[in-house]
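First comes the structure, then the notes that go with it.
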Amino acid sequence: MARITKEEVLHVARLARLELSDDDVAKFQEQLSDILEAVSKVSELDLSDVPPTAHPLEIANAWAEDVPHDCLPLDDVFANAPDRDGDYFRTPPA
Amino acid sequence: MTTAWEPVIGLEIHVQLKTETKMFCRCRNGFGGEPNSQTCPVCLAFPGALPVPNRRAIEETIKLGLALDCAIAERAVFHRKNYFYPDNPKAYQISQYDEPLCAGGHLDVPTGDGVTRIGITRAHLEEDAAKNVHVAASGRIHGATATLVDFNRCGTPLVEIVTEPDLHDAETAKRFLQLLRQTVVELGLSDAELEHGSMRFDVNVSVRPAGSDELRTRTELKNMNSFNFAAKGIEREIARQIRIYEAGGVVDQETLHFDPAHEESPPMRSKEEAQDYRYFPEPDLVPVEPGAELVERLRGEIGELPGARISRISETLSFYDADVLVTGGLDRLWAAVVAAGADPKDAANVLANQFVATGIDPGAVDAGELAKLVAARTDIPRASFDEALAKVGEPGFTADPYLAERVVADTAELDPIIERIIEANSGQAEQYRSGKHGLLGFFVGQVMKETGGSADPRVVNERVRALLG
Amino acid sequence: MTVDTLRLSAEEANRLVTDGEVSSDELYRAYLDAIGERDPELHAFLYVCENDPGAGIPIAIKDVIGTRGIPTTAGSKILESYIPVYDATVIANCRKRGLRVIGKTNTDEFAMGSSTENSAFGPSHNPWDPSRVPGGSGGGSAAAVSAGLAPWALGSDTGGSIKQPAALCGHVGLRPTYGTVSRYGVVAFASSLDQVGPVARNVRDCAFLYSVISGRDENDSTTVDVPEVELPTAEDLKGLRIGVPKEMNGVDGIEPGVSAAVHKALELAESLGATVEECSLPRSVDYGVACYYVVSPAEASANLARYDGVRFGLRDDGADFREMVMKTRDAGFGDEPKRRIMVGTYALSSGYYDAYYRTAQKVRTVIKREHDELFERFDVLVSPTSPTVAFPIGAKIDDPVAMYMNDVLTIPSCMAGLPGLNIPCGLSEGLPVGLQLIGPQFGENTIFRAAHALEQAIGFDVVPERLR
């Protein structure tokens, strides 16, 4: 059974930086349990000889030459900034 | 009976590559620009931005791995390392996890007692974070602060090198760092300046009873800004841990930040919140498969590295001299001067002492002319030698004009002068004969003055002693 | 002249302009008028442009695709006031051909959903029956094209977000081979699955728009060179080998009316010269949804982590950085993104990575191999696109898992990175039924050829009955 506990909900919420209300925690606990139960179906198959697929295309070595492009003008850099302080982005203290 | 303790030290070094552009975008890579002037949607992590790897950065990482004798992966993969912090705009860093570009190498550190081999666990490629500046917000009264972020550095290519815990003393750790730094600089990969942060390192320190192979709890020392400072810090930490164990206590796992103004990663809030980075392969990037041809081409571009040169030159000179020459960037000039006919030891002596003091760029020197100077060092007046040496870096320098004037070493010429001076200073002569041997210098000086500096000081010294009695 | 946008294909609209019958501006205004008239009921658009440079015909853009200077919300409050400073590559490609952006269309938040009910700005409505969903996540683009508010549109497809709305609204939508269309500038949901694709009234328009947007992009390292697109003309299906996976046709969970319409279309295909044979995808369909709902949330959990209130988007206050981020994300994300972020975080977390994420990536290999095997014997695989016709708004919103099952038929080929195209093939209860043709990697031309011939033979009228 893949039921998720309240502690696990709080744990993943914290890892994902989501602040949940108590009501939310209860609601999501229910819903996440349903989802996890449905998706844990993946472990029913025998996959011992199967390699994982990270990419649908089997390509390698996609890269670019070391040639500079034009950087963004400051107005563009800060066009959507919630809090600009001179030429810096400002956030509450980390 | 007190236990003997063996320190166990491992290093984690980050080297910024000095490519023209960043690791995953083509913004200019470089220190010192106006804040946020070297940014684009990719390194600012705007919605929809995608990473495109820098080919040169990949090749340089492979080169560094080869210089460290690592095996180069047939297939290397980038991974996302997930965590939230203002200097990490995607809230994940593109790094490498279990399929790094380079693994399983070593760096041989020559010492006076032979060569110490330090294992290199891995060297991988990742992107650097932005710069956080923590400030006091204006207008606030009670020391409230804010964090300002400059994304110029964000995305700089970074090679992370991790050593095995093969170091057992601070001095060797320091030499390892110096040698690694010189190797990286000589390969042209990085300026590796500690002040600019283009080379950074953390040290893991633990101790164990000598002879055992257990690995006890280690402390992490971060953000030390010089190799000397690091050596001292390591020694203090070793001593601290030994004191704790000998008092019957236990060493706690902790991180010691030595330069809080340069903290780089989010500090842990509590033990329960140990970071879970949730590594998974980066779906926006495809694997790197270097191929034998590329690896061999890069291997061919690596010359003889500093560690190997120290070992080789130690066969001709003392370890100390070899070390001074190579770490001082003088060994190439030394080899050329010796090839031009100078005696190896004399050449080493001149280069390591008088030449270094001139501050002249070794690359500007004509080795043949310097070789002549070295050969004539005791045959010409000291003043002439010094004058010649000061000009040895100038274009078109020739030694011959300075070699014309020979020192006078003929005792037939010198003895009469010496006798004259002894006679003229009979008081000092008496004092010398009655035991004040320090006055020898006075007489030698007088003779040198009388001869205008052209007497051979060694012969003068000998003859004055002989004639004073 | 008055332009009847309700009945105009892109090809026809373009001909009007190039023949000089109508100017580009007049045509643009005609679509604006249509939007003014019919969009209040449909809510296909989140933003309507007043103008846009170009000499060609208009195009609607799903609001997850970044358009410089034009708001791009991804259907989310967290990007409500975000205006990109750069165009997505697909937009730049459209602009090079003179196409003019007419507006940004509604989407489930961050493209997560199958009904457009997860949009933070209210759902869109199905032009065939406004009390019903247009499908999702690209319900806005689908409604716009179906109702003649734009001659064509760009959508994005991760697990069926182009094909399923096309099925529910009765028009053509292509999910391209992964890697043939650039994702640069497109708000990322699941990086190894997202693809931008054309939404159109007919197969030829769809093929043409695909040729405009496709191709290797130096800004997207997961793109590759693309075979030249052939605009289809043939009206028969001689030589075409159609496979009908038995797990996707006529099974429980698929409405009888849907099965019947698709079955009829397959009979028509046979009469056009195709061979139709049953085949099997033993595990792809059974395990596809579970696989998708591990892989896509995992990638999404990382892709959505950049919405932290620092450089753009919504910001809520906090005493410190961490509090600011937590409050911002809680206020800015709706329930569906939150659910998927948490499932994804869980699937990647220490102790669960192997059981969930790594295992799902292995199931993905199984799905790919099963499809590859079938494509050695068949040119295309056919099935209904959606198990149901459009359902009423609100009917499934309280049951996330039931909502996920809407994608059961589109997901498997997405996991394999394969192209799929929806054409309308009939009606059930007066609502469109969609048929999907799935092709091998880079098999777009085969799909276009087959779909065009079938489309001509079926003769479905894409204009919603109630609007005729």
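The values are calculated or read from the model by the stated rules, or taken from the named source; none is laboratory data. Since we're looking at a predicted model, the values are computed, not measured. Don't worry about glycine lacking a Cβ; one is built from the backbone with ideal geometry, like all the others, and counts go over all protein chains shown. Please note that ligands, DNA and RNA were not included when accessible areas were found on the heavy atoms of the full protein model with its side chains. Shrake-Rupley method; radii C 1.70, N 1.55, O 1.52, S 1.80 Å.
Worth pointing out:
- Buried accessible surface for the C/B pair, both sides summed and rounded to the nearest 100, is 2800 Å² with a 1.4 Å probe.
- The figure for residue B:34 is an accessible area of roughly 120 square angstrom, using a 1.4 Å probe on the protein chains alone.
- For the stretch B:374-424 versus the stretch B:1-78, the inter-centroid distance based on Cα atoms is 54 Å.
- Local net charge near residue B:363, Cβ-Cβ under 14 Å (Lys/Arg +1, Asp/Glu -1): -4
- Loop sites in the stretch C:150-254: trypsin sites (Lys or Arg not before Pro), DSSP, at most 12 other Cβ within 10 Å: C:238
- Zone of residue C:251's modelled label, taken as backbone nitrogen in the stretch C:435-468 under 14 Å from a point 7 Å along Cα→Cβ: none
- Surface per residue (accessible, 1.4 Å probe) for the protein assembly as shown, Å²: 38 Å²
- Accessible area of residue B:258 in the full protein assembly, 1.4 Å probe (Å², nearest 10): 60 Å²
- Full extension of the segment from residue B:235 to residue B:171, taken as 0.36 nm per residue of separation minus the current Cα-Cα distance, would add 22.1 nm.
- Of the listed residues C:468, B:458, the order by accessible area with a 1.4 Å probe, largest first, is B:458, C:468.
- Label-to-label distance, residue C:331 versus residue B:316, with points set 7 angstrom from Cα along the beta-carbon direction: 7.2 nm.
- Cα gyration tensor shape for chain A, rounded if a/c is under 1.5, else prolate or oblate: oblate
- Computed [θ] at 222 nm, deg cm²/dmol, chain C (DSSP H ≥ 4; -39,500 (n - 2.57); rounded to nearest 500): -11000 deg cm²/dmol
- Surface share of carbon and sulfur [accessible, 1.4 angstrom probe, percent] for chain B: 49 percent
- Greater than 28 Å apart at Cα, pairs in B:90/C:77; A:27/C:368; A:27/B:131; B:63/C:362: A:27/C:368; A:27/B:131; B:63/C:362
- Excluding exposed DSSP-loop GluC sites (Glu not before Pro) (at most 13 other C-beta within 10 Å), longest clean stretch of chain B: B:316-469
- Between A and C, accessible area buried - total, square angstrom, nearest 100, 1.4 angstrom probe: 5200 Å²
- Amide H within-cut-off set for residue B:5, under 5 Å, with H built and near neighbours excluded: B:210
- Paramagnetic reach from residue B:364 (point 7 Å along Cα→Cβ, amide N under 20 Å) across the stretch B:309-346: B:328-337
- The calculated FRET efficiency for the pair residue B:387 and residue A:85, based on their C-beta separation and a Förster distance of 51 Å, comes to about 0.30.
- On the beta carbon distance between residue B:164 and residue B:195, with R0 = 22 Å, the FRET formula returns roughly 0.20.
- 0 to 90° range, to nearest 10: angle between helix B:227-246 axis and chain B longest Cα axis: 70 degrees
- Minimum 50 Å² accessible area buried by the other protein chains, the stretch C:332-355 residues, probe 1.4 Å, relative to alone: C:339, C:342, C:343, C:345, C:346, C:348
- Ordered by 1.4 Å accessible area with all protein chains kept, B:391, C:368 run largest first as B:391, C:368.
- Alpha carbon Rg of the protein assembly as shown, scaled by the compact-globule rule 2.2 N^0.38 Å: 1.22
- The label point for residue A:14 and the one for residue B:4, both projected 7 Å from the Cα toward the Cβ, are 4.6 nm apart.
- Nitroxide proxy distance, nm - points 7 Å out along Cα→Cβ at residue C:230 and residue A:44: 4.2 nm
- Under the combined filter of DSSP loop state and at most 14 neighbouring Cβ atoms within 10 Å, the stretch B:67-169 retains these trypsin sites (Lys or Arg not before Pro): B:75, B:140.
- Between helix B:440-450 and chain B: long-axis angle, C-alpha atoms, 0 to 90°, nearest 10: 80 degrees
- For residue C:119, the accessible surface of its heavy atoms amounts to roughly 10 Å² (probe 1.4 Å, protein chains only, rounded to the nearest 10).
- Loop-resident sites, the stretch C:332-385, for GluC sites (Glu not before Pro), counting at most 11 other Cβ within 10 Å (DSSP): C:376
- Two-site FRET efficiency, residue C:25 against residue C:96, from Cβ-Cβ distance with R₀ of 22 Å, rounded to 0.05: 0.65
- Beta bridges by DSSP in chain C, antiparallel share as percent, to the nearest 5: 70 percent
- Residue-count net charge about residue C:75 - beta-carbon cut-off 11 Å; Lys, Arg +1, Asp, Glu -1: -3
- Of C:209, A:45, the order by accessible heavy-atom surface (1.4 Å probe, DNA, RNA and ligands excluded), from most exposed downward, is A:45, C:209.
- A helix-only calculation puts chain B at -10000 deg cm²/dmol for mean residue ellipticity at 222 nm, using -39500 (n - 2.57) for each DSSP H run of at least four residues, averaged over all residues.
- Cβ-based net charge around residue C:273, under 13 Å, with every Lys or Arg adding one and every Asp or Glu removing one: -2
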